Amino acid sequence: MGSKNKLKRFEQNSSFSNVIQPTRDELIEGKFEFKGKWRSYFNNENPIVVELGCGKGEYTVGLAQRNASKNFIGVDIKGARLWRGAKTALEKNLENVAFLRTQIELIDLIFSENEVDEIWITFPDPQIKYKRTKHRLTNKAFLQKYKFVLKDKGVINLKTDSEFMHGYTLGLLHGLDCEILNANHDVYRNEGSPKEVVDIQTFYEKQYLEDGKPITYIKFTVN
């Protein structure tokens with residue numbers, strides 16, 4: 001994407017009613033207006049579902065279309081990608097969708113304790129190199145942040161094309177004695193996949209499927 005297109009999308013994000021772009025200082029200093037008050041943003045008491053690393057927002061939008069009784073928030077630092085999901089949500093008049101441009105590691109500064117009902121992590125960078133473990137979205141530090149913002153028995157969904165990420169996460173969850181509700185090594189060939197796992201596909205997921213890569217899924221809670 002050219003720099004002119006990126007700048008145009010950044011400008012449009014600022015005008016979109018469903019895009020929120022807090023500064024890092026706002027979050028760190030506790031000045032973010034919606035922390036603990038997300039239900040006032042949506043003007044209802046519906047459950048809150050968060051997608052981390054939402055990219056172009058296909059999953060956030062797809063889930064919102066299927067679940068009008070829930071609120072969905074897509075989180076990503078890359079505004080040019082997030083723009084696509086925000087624009088689609090506006091075009092479809094989806095009032096239960098918001099997009100938040102910020103860093104995922106600040107999730108505990110975005111939401112208050114027990115404010116989130118469910119988390120989706122879709123096709124994250126597996127960060128295979130050992131030096132990158134701290135950036136892996138299912139490492140122990142991230143899991144503790146998720147536990148903080150999630151309600152009791154709140155669930156986390158991991159959908160990935162990376163067998164490494166799938167295996168790493170399963171091993172970690174077993175070691176932490178977490179409750180694994182669903183584990184599938186190939187959601188399109190094995191039975192037991194929830195409809196939202198197979199009915200919604202991201203742009204990159206379609207490419208992975210064309211290349212014959214299996215798509216894996218884990219649904220779990222953090223104790």
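The values are calculated or read from the model by the stated rules, or taken from the named source; none is laboratory data. For clarity, every value in this text was computed on a predicted model and none was experimentally measured. Cβ atoms come from the backbone with ideal geometry, glycine included; neighbour counts cover every protein chain shown.
Based on what the data block shows, is V116 touching an Asp or Glu at 6+ places or on another chain (Cβ under 9 Å) and either at pLDDT 95 or above or among the basic types (K, R) (or both)?
Details: touching an Asp or Glu at 6+ places or on another chain (Cβ under 9 Å): no; either at pLDDT 95 or above or among the basic types (K, R) (or both): yes.
It is false that V116 is touching an Asp or Glu at 6+ places or on another chain (Cβ under 9 Å) and either at pLDDT 95 or above or among the basic types (K, R) (or both).
Pairs meeting the criteria (first residue in the stretch 188-211 and under 14 Å from G57 (Cα atoms) and touching a residue at least 60 places away in the same chain (Cβ under 8 Å), second residue among the aliphatic types (A, V, I, L, M) and surrounded by 14 or more Cβ atoms within 10 Å (Cβ to Cβ), beta carbons under 8 Å, at least 6 apart or on different chains) are I200/L63; Q201/L209; E205/I215.
The lone criterion from (1) free of Cβ contacts under 8 Å to residues at least 40 places away in the same chain; (2) in contact with a helix residue (DSSP H, G or I) (Cβ under 6 Å, 6 or more places away or on another chain); (3) not aromatic (F, W, Y) left unmet by K37 is number (2). Within the stretch 174-223, restricting attention to residues that are among the small types (G, A, S) and closer than 29 Å to V149 by Cβ, the residue that is modelled with the highest pLDDT is A183. For the stretch 172-192, filtering for residues that are among the acidic types (D, E) and more than 17 Å from N223 (Cα to Cα) leaves 2.
Results for (1) surrounded by 15 or more Cβ atoms within 10 Å (Cβ to Cβ); (2) among the charged types (D, E, K, R); (3) in a loop (DSSP other than H, G, I, E, B), shown as yes or no for each residue.
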| position | (1), (2), (3) |
| --- | --- |
| K87 | yes, yes, no |
| E113 | no, yes, yes |
| I121 | yes, no, no |
| I128 | no, no, yes |
| K153 | no, yes, no |
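Of all the helices (runs of 4 or more DSSP H) wholly in the stretch 1-43, which have at least 3 residues that are surrounded by 14 or more Cβ atoms within 10 Å (Cβ to Cβ), modelled with pLDDT of 95 or more and at negative phi? Let's see the steps before the verdict.
Values: elements: 3-15, 24-28, 38-42.
Because the criterion is at least 3 residues that are surrounded by 14 or more Cβ atoms within 10 Å (Cβ to Cβ), modelled with pLDDT of 95 or more and at negative phi, the helices (runs of 4 or more DSSP H) in the stretch 1-43 that meet it are 38-42.
Might you let me know whether the stretch 45-64 holds any residue that is out of contact with any Ser or Thr (no Cβ under 9 Å at 6 or more places or on another chain) and farther than 25 Å from L158 by Cα? Checked against the condition, which is being out of contact with any Ser or Thr (no Cβ under 9 Å at 6 or more places or on another chain) and farther than 25 Å from L158 by Cα, the stretch 45-64 yields at least one hit. I'd like the residue in the stretch 165-185 that is aliphatic (A, V, I, L, M) and more than 20 Å from T133 (Cα to Cα) and, out of all such residues, is surrounded by the most Cβ atoms within 10 Å (Cβ to Cβ). Filtering the stretch 165-185 for residues that are aliphatic (A, V, I, L, M) and more than 20 Å from T133 (Cα to Cα), the one surrounded by the most Cβ atoms within 10 Å (Cβ to Cβ) comes out as A183. Name the residue that is nearest to D108 (Cα to Cα), counting only residues in the stretch 57-78 that are surrounded by fewer than 22 Cβ atoms within 10 Å (Cβ to Cβ) and out of contact with any strand residue (DSSP E or B) (no Cβ under 7 Å at 6 or more places or on another chain). Only one residue tops the list, namely K78. Per the conditions (1) in a strand (DSSP E or B); (2) exposed (fewer than 14 other Cβ atoms within 10 Å of the Cβ), the sole criterion not satisfied by F99 is (2).
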